[in-house]
Amino acid sequence: MSKDQIYNESMAKIADFSFDAQVADVFTDMIERSVPGYRSIITMIETLTQHYAQPGSTLYDLGCSLGAATLSMARGLKAENCRIIAVDNSAAMVERCRTAVGRKHTCASVRVVEGDILTTEISNASVVVLNFTLQFIPPKERAPLLQRICDGMRPGGVLILSEKVVFEDDHLNGLLFDIHHDFKRAHGYSDLEISQKRSALENVLVPETIPSHRDRLLSAGFTSVDVWFQCFNFMSMLAVK
């Protein structure tokens, strides 16, 4: 695992963050040092897949990056005659995801696709994962995407939605913002790295409140929606059709 040092030197101009080859090379280190609770979410995706995957259905990892959630789904998949489709629009991520899936020799049928999740057909789905993906989708495209997911899902299927969030209470929002930066410092990031990456993400990652996510999921047709995991300003929700 290569160490993330992308923002460790001062930059005259900071480009918008993108999931390019440079990020793909250090992504595992980057996300584990940046997202509190990430490993716990990945681990529990295995358990949730075991619980919700239905025989003869399709499972989707939308925005699969290097395939951590994909492989967790594969480990948890006990239902028969299922397949997993992992989708990402980054060629660098897809290349490495395919390598990771091939290296694990999973018994599950896994197909890794380079494509746009906004145009990916969702059908016969029992488990869908959006693991820190929706926050990178333009806000106006989020409701249509969730509607398509719900429409393509079997009754009793589940969407696992993990996101960075903001809070309506200014004091709480500021506190958790500061705590998140303390978390990153504790994991070896300098103030310069934190500041420069924040600037790179400013126009790319647009977080929302938990009520906004819940209301949108209910409007899409999910019947049971709530947070099952939260650590600081990062959370994961279950939405059951």
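May I ask you to work out the translational diffusion coefficient for the stretch 14-140 at 25 °C, viscosity 0.890 mPa s, via Stokes-Einstein with Rh from the Kirkwood sum over Cα pairs, reported in whole µm²/s?
Details: Rh = 14.8 Å.
The calculation lands on 165 µm²/s.
Summarising the strand pairing of the chain, around 40 percent of its internal DSSP beta bridges are antiparallel. The lysines within cross-link reach of K164, meaning a Cα-to-Cα straight distance under 19 Å and a gap of 8 or more places when in the same chain, are K140, K184, K197.
Accessible surface of the stretch 114-227, 1.4 Å probe: 51 percent of it comes from carbon and sulfur atoms. Taking a straight Cα-Cα cut-off under 15 Å and skipping sequence neighbours fewer than 8 places away in the same chain, the aspartates and glutamates within cross-link reach of K13 are E193, E202. Phi-derived couplings, Karplus 6.51 cos²θ - 1.76 cosθ + 1.60 at θ = phi - 60°, listed residue by residue for the stretch 61-66: 10, 9, x, 6, 6, 8 Hz, with x used for Gly and Pro.
Note: relative contact order over the chain, using C-alpha pairs below 8 Å and six or more positions apart, is 22 percent.
Accessible area per residue was computed with a 1.4 Å probe on protein heavy atoms; K78 scores about 130 Å². Expressed per residue, the C-alpha convex hull volume of the stretch 176-224 stands at 104 Å³. The translational diffusion coefficient of the stretch 114-195, from Stokes-Einstein at 4 °C and 1.567 mPa s with a Kirkwood hydrodynamic radius over alpha carbon pairs, comes to 84 µm²/s.
Just to confirm a number: summing +1 for Lys and Arg and -1 for Asp and Glu over residues other than F27 whose beta-carbon lies under 9 angstrom from that of F27, what do you get?
Values: positive: R96; negative: D4, D25, D29.
Surrounding charge for F27 is -2.
Candidate cross-link partners of K104 among the lysines, defined by an alpha-carbon separation under 27 Å and a same-chain spacing of 8 or more, comprise K3, K78.
Shape summary of the chain, radius of gyration then Dmax from alpha carbon positions: 17.5, 54 Å.
The values are calculated or read from the model by the stated rules, or taken from the named source; none is laboratory data. Predicted, not measured: the structure shown is a model, and the values here were computed from it. All Cβ positions, even for glycine, are placed from backbone atoms using ideal geometry, and neighbour counts span all protein chains on display. Accessible surface is based on the protein model in full, side chains and every heavy atom, while ligands, DNA and RNA are left aside. Shrake-Rupley method; radii C 1.70, N 1.55, O 1.52, S 1.80 Å.
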